[in-house]
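Okay, structure first, notes after.
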Amino acid sequence: MTHLIAPSILSADFANLLPACELINNSQADYYHIDVMDGVFVPNISFGLPIISAIKKHAKKTFDVHLMIVEPDKYIKDFKSAGADILTVHYEACTHLHRTIQAIKAEGMKAGVALNPHTPIHLLEDIIQDIDLVCLMSVNPGFGGQSFIENTYDKVKALKALITKKNSSALIEIDGGVSNQNAAKLVECGADVLVAGSYVFGSDNPEKTIKGLKDLKF
Ligand code: DX5
Ligand code: ZN
């Protein structure tokens, strides 16, 4: 499988989201990456359900929703209604992760689990078979535009080995500080999905930047 590109709406112009939708629809992007922050799990608040429903009306690609919130179980049905195709919860926010994953799947969504930079891969050993996507945070979650943490390469390799060992079909997604500086190496280490916010929306030609990430030619 060739790797997938997921531009993050967090770096788009919130007062003018329609052009961002058209850009993603017309580009080689595979997913919309949608970051939900509650001001409790992370020290920032982004946007919530009404905005996601509004974007969904114009979106022609998979909705990859990344919940950086406490008690995600409370909102699983709501995010399904708002249009999520993949719903990712944080390992650190879930006391009963197995139950949460089953609840996401019961709603007909793919289940993702995100790991903060300090959370080791081996903690997924007894759950990896049930997960559709693992989101490795390559920055501390909460803000776009931060610097990529280099230890991520080793985590991608360790996760890839675990997935192979356990015969899991989980995709490996990298989130935070992704750019032309690290994309090729990440894919080489085993990454399947690259999230990119500021690198895409902060560039002069976001469509071309997405193509560059897809082709890994810079
Ligand atoms: C950070 C978010 C990311 C963010 C990435 O907490 O989860 O998805 O949008 O932004 P960049 O690519 O600018 O690091
Ligand atoms: Zn994210």
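A compact table of results
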{"item": "Antiparallel DSSP beta bridges within the range 4-215, as percent of all bridges there, nearest 5", "result": "5"}
{"item": "Heavy-atom accessible surface of the range 66-218: percent carbon and sulfur, 1.4 Å", "result": "47"}
{"item": "Per residue accessible area of the range 4-215, 1.4 Å probe, in Å²", "result": "43"}
{"item": "Restraint check, 155/185; 61/217; 80/211; 77/110; 110/165; 60/80, Cα-Cα greater than 19 Å", "result": "61/217; 80/211; 110/165"}
{"item": "GNM flexibility winner over the chain from 80, 185, 56 (Cα, springs under 10 Å)", "result": "185"}
{"item": "Most mobile listed residue (127, 76, 24) in the chain, GNM with C-alpha springs under 10 Å", "result": "127"}
{"item": "Residue of 153, 32, 75 that the Gaussian network model of the chain assigns the largest fluctuation, springs spanning Cα pairs under 10 Å", "result": "75"}
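The values are calculated or read from the model by the stated rules, or taken from the named source; none is laboratory data. Small disclaimer: the values here were computed from a predicted structure and weren't measured. The protein model used for the area step is the full one, side chains on, heavy atoms only, and it has no ligands, DNA or RNA in it. Shrake-Rupley method; radii C 1.70, N 1.55, O 1.52, S 1.80 Å.
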